[in-house]
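The values are calculated or read from the model by the stated rules, or taken from the named source; none is laboratory data. All values reported here derive from a predicted model rather than from experimental measurement. Counting neighbours? That spans all protein chains shown, and the Cβs are built from the backbone with ideal geometry, glycine included.
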């Protein structure tokens, strides 16, 4: 089937079989290998991306379901000059990654949650990190990183308001 | 593994969708169970009908004391207690956070859970406890089945393969109903070993109505009728709730052994969890 995936604001016209899952289309057809595939059964969350603003498992969606729908992957987090996203800075500062396999999934999970609610509380973040698996650092540094990014975001907002 | 090859259609009307089902299609709504089963090669449909583009199926309406949940209403909709009026919304909000994780809840649907009929499904247990009605449509017409007669076993329902589950209807709960939902599982990632939902009405100091739903306490979702009978006319008290828990565990439940949870263990958990859920549901 002929579809167009819109990933990080770039259009990727593709010809895919209906059975192609979104994760494979992103990695193999679009060449966006930042999205990782772990379990391929919706458990590990390494393949989490934003589809129409919602964090979803890209192994549990078909590429043909995403024709014309805005998709955001970990490659779309950095700013136009390549500067890291506040979440990426926070993961580095809190040592929220070790081998890095689960990191793109956690980043997109957190990016989706922060887009919906920039004031994410500690309890919500603790609940959120249960969505994905990490086998290196454990969840505590990841939880701290997401909390730090949420706090930095709020401080940044308030800073800007003050300067106006 | 990858899904095996299939043809894909995206009907734009319910009529087109049921035509596809008549041609042997499997329904793709949230896809969080179907695609999983296709990855694991437990399902290999020749045709998949993606109903996400059918207008109207995403509607959630409450009128004349009835809540109607369309086939495309996602789990996450119920995370806001205000999405559904009254204690029913409170009960759904307490239950939904025990279902999988936020990214799964963003896609998966309540109706899809009822179509899949996993014995550990929280929604299925609530459907039987709350006297929900399942609406099924096919090229032969529309029929409605009470949830109590709909579940036949693990992943088995009264739905014919060519029938589309278009909506689930629930009677709204009276404003003075107390509700609670509790779940026991091995880890945060596990399916429920036991889950219990309860709705209690207390008038003039005695329990006048009790609804208890049990998930993963048998090969299908159960309503704990024996436990409920012990409660009617009783004062809401810890001994009464303990007795109801015992009745649910010994008379209602028919637990099957699972790794890490043999039958004796599960009966114990059921008794404890039912009593705990009732204590929490009891209006103060």
Residue check, residue A:51 in contact with a helix residue (DSSP H, G or I) (Cβ under 9 Å, 6 or more places away or on another chain) and within 14 Å of another protein chain (Cβ to nearest Cβ): yes
Residue that is nearest to the other protein chains (Cβ to nearest Cβ) [pool: residues in the range A:28-48 that are more than 13 Å from residue A:105 (Cβ to Cβ) and outside any loop (DSSP other than H, G, I, E, B)]: A:28
The range A:87-110, residues that are in contact (Cβ under 8 Å) with a residue 60 or more places away in the chain and surrounded by fewer than 20 Cβ atoms within 10 Å (Cβ to Cβ): A:89, A:101
Verdict on residue A:59 being outside any loop (DSSP other than H, G, I, E, B) and within 11 Å of chain B (Cβ to nearest Cβ): yes
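Going through A:31, A:45, A:38, A:53 one at a time, which residue ends up being under 23 Å from residue A:145 (Cα atoms), surrounded by fewer than 17 Cβ atoms within 10 Å (Cβ to Cβ) and not assigned by TED's automatic domain parsing to the domain that holds residue A:108? Before the answer, list the steps.
Working: A:31 fails: under 23 Å from residue A:145 (Cα atoms); A:45 fails: surrounded by fewer than 17 Cβ atoms within 10 Å (Cβ to Cβ); A:38 fails: surrounded by fewer than 17 Cβ atoms within 10 Å (Cβ to Cβ).
Selected residue: A:53, the only one of A:31, A:45, A:38, A:53 that is under 23 Å from residue A:145 (Cα atoms), surrounded by fewer than 17 Cβ atoms within 10 Å (Cβ to Cβ) and not assigned by TED's automatic domain parsing to the domain that holds residue A:108.
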Selected residue (only one of B:43, B:25, B:71 is touching a residue at least 24 places away in the same chain (Cβ under 8 Å), buried (at least 17 other Cβ atoms within 10 Å of the Cβ), touching a helix residue (DSSP H, G or I) at 6+ places or on another chain (Cβ under 6 Å) and away from every other protein chain (no Cβ under 11 Å)): B:71
Test: residue in the range B:3-16 that is closer than 17 Å to residue B:160 by Cα, within 9 Å of chain A (Cβ to nearest Cβ) and crowded, with 17+ Cβ neighbours inside 10 Å: no
Scan of the range A:1-13 for residues that are more than 14 Å from chain B (Cβ to nearest Cβ) and either outside any loop (DSSP other than H, G, I, E, B) or over 20 Å from residue A:53 (Cα atoms) (or both), ordered by number: A:4, A:5, A:6, A:7, A:10, A:11, A:12, A:13
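Going by what's in this entry, would residue B:144 be described as under 30 Å from residue B:16 (Cβ atoms), part of a loop (DSSP other than H, G, I, E, B) and modelled with pLDDT of 95 or more? Even if it seems obvious, please write down each step before you answer.
Working: under 30 Å from residue B:16 (Cβ atoms): yes; part of a loop (DSSP other than H, G, I, E, B): no; modelled with pLDDT of 95 or more: yes.
Criteria not met by residue B:144.
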